[in-house]
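What follows is one structure encoded as structure tokens, with my remarks underneath.
The values are calculated or read from the model by the stated rules, or taken from the named source; none is laboratory data. Only a predicted model underlies this, so the values are computations on that prediction, with no experimental measurement involved. Cβ placement follows ideal geometry from the backbone for every residue including glycine, while neighbour counts extend to all protein chains displayed.
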Amino acid sequence: MNIVEALKSLRPGAEWSISGFDYENLEWLDANQDKPTKEEVEAEVEKLQQEWKDTEYQRQRQPEYPPITDYLDACYWASKGDTTKLDEYYAKCEAVKTKYPKP
């Protein structure tokens, strides 16, 4: 996360220009929203970095989960009385959750 992401988060839709990633090079163009202070921006960068860190497990899990189509197929068979595929699907999901636990 950087100043650009922090500005987007702090002042959605605001108009501004920046050269590089230095607050001193921030030109505030928006007449409707106040320019955030350097301290606000730095605090937002820190907050966004922590949020990114805290949700890393979600990004790790996503590509390893079985496809949703497998779940839908398993639900169909479960509605016919055969829960084997549904149990397998849940087991695969649980294995991914165990591999990448929520902090």
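Looking only at the range 32-52, which residues are crowded, with 16+ Cβ neighbours inside 10 Å and assigned to a loop (DSSP other than H, G, I, E, B)?
Across the range 32-52, the qualifying residues are 35, 36.
Please indicate, with yes or no, whether at least one residue in the range 16-31 is under 24 Å from the mean Cα position of the chain (by Cα), in a loop (DSSP other than H, G, I, E, B) and either more than 24 Å from residue 53 (Cα to Cα) or not aromatic (Phe, Trp, Tyr) (or both).
Quick first cut of the range 16-31, residues under 24 Å from the mean Cα position of the chain (by Cα) only: 21.
Now narrow it down to the ones that are in a loop (DSSP other than H, G, I, E, B): 21.
Then drop every residue that is not either more than 24 Å from residue 53 (Cα to Cα) or not aromatic (Phe, Trp, Tyr) (or both), which leaves none.
The answer is no, given that none of the residues of the range 16-31 is under 24 Å from the mean Cα position of the chain (by Cα), in a loop (DSSP other than H, G, I, E, B) and either more than 24 Å from residue 53 (Cα to Cα) or not aromatic (Phe, Trp, Tyr) (or both).
Here are 94, 44: which of them is touching a Ser or Thr at 6+ places or on another chain (Cβ under 8 Å) and free of Cβ contacts under 8 Å to residues at least 60 places away in the same chain? First the steps, then the outcome.
On the way: 94 fails: touching a Ser or Thr at 6+ places or on another chain (Cβ under 8 Å).
That would be 44, the only listed residue that is touching a Ser or Thr at 6+ places or on another chain (Cβ under 8 Å) and free of Cβ contacts under 8 Å to residues at least 60 places away in the same chain.
Suppose we keep only residues that are charged (D, E, K, R) and under 25 Å from the mean Cα position of the chain (by Cα) within the range 64-85. Which one would you say is nearest to residue 97 (Cα to Cα)? Before the answer, list the steps.
Step one: of the range 64-85, the residues charged (D, E, K, R) are 64, 70, 73, 80, 82, 85.
Restricting the remaining residues to those that are under 25 Å from the mean Cα position of the chain (by Cα) gives 64, 70.
Numbers: 64: 10, 70: 17 Å.
The qualifying residue nearest to residue 97 (Cα to Cα) is 64.
I'm trying to understand the selection: among the residues of the range 1-15, which are surrounded by 14 or more Cβ atoms within 10 Å (Cβ to Cβ), out of contact with any Asp or Glu (no Cβ under 6 Å at 6 or more places or on another chain) and not in a helix (DSSP H, G or I)?
1, 11
Among the residues of the range 86-97, are any surrounded by 12 or more Cβ atoms within 10 Å (Cβ to Cβ), among the hydrophobic types (A, V, I, L, M, F, W, C) and closer than 30 Å to residue 9 by Cα?
Taking every residue of the range 86-97 in turn, none turns out to be surrounded by 12 or more Cβ atoms within 10 Å (Cβ to Cβ), among the hydrophobic types (A, V, I, L, M, F, W, C) and closer than 30 Å to residue 9 by Cα.
With the requirement that a residue be in contact with a Lys or Arg (Cβ under 6 Å, 6 or more places away or on another chain), closer than 30 Å to residue 1 by Cα and either modelled with pLDDT under 95 or part of a helix (DSSP H, G or I) (or both), what does the range 53-103 give you?
Within the range 53-103, 57, 96 qualify.
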